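Nothing in this text is a laboratory measurement; each read-out follows from the coordinates by a stated rule. Quantities reported herein were computed from a predicted structural model and do not represent experimental measurements. Neighbour counts run over all protein chains shown; Cβ positions are idealised from the backbone, glycine included.
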Amino acid sequence: MIGFYCGSWFDYRQDARNCIPGRIRKQFLAKEVSKISMIFVKAAPGDTTDSVIRKFTRKVISEGLLLELKKKEFYQKPAEVRKEAKKELERRDRARRRAKASR
């Protein structure tokens with residue numbers, strides 16, 4: 001979460017309204033702030049440490065948290081994001097055409 005400290009640490013939108021000049025404030029408030037997800041794993045009686053770690057790993061993978069972290073590890077310019085999306089669309093289109101031709 002992106003935040004600016006101006007006194008109220010718990011309400012980032014309020015901080016943004018008070019601390020950021022107009023044009024930048026609009027851009028900041030328009031952006032979607034990613035959700036912070038907490039993963040809890042309860043250990044059942046008789047569970048070993050390894051089994052609890054396996055449960056945790058499965059939950060992390062099923063929530064898609066690892067993919068999101070890898071995606072956000074480095075900043076990508078908006079042009080790069082658009083370029084990758086275009087490549088992905090072209091790849092899917094080629095796959096559809098190939099599947100249609102093989103029928």
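Exposure proxy shown here: for T49, T57, the number of other Cβ atoms within 10 Å sets the order, fewest to most, as T49, T57. Approximating the spin labels as points 7 Å out from Cα along Cα→Cβ, the E84-to-M38 distance works out to 3.0 nm.
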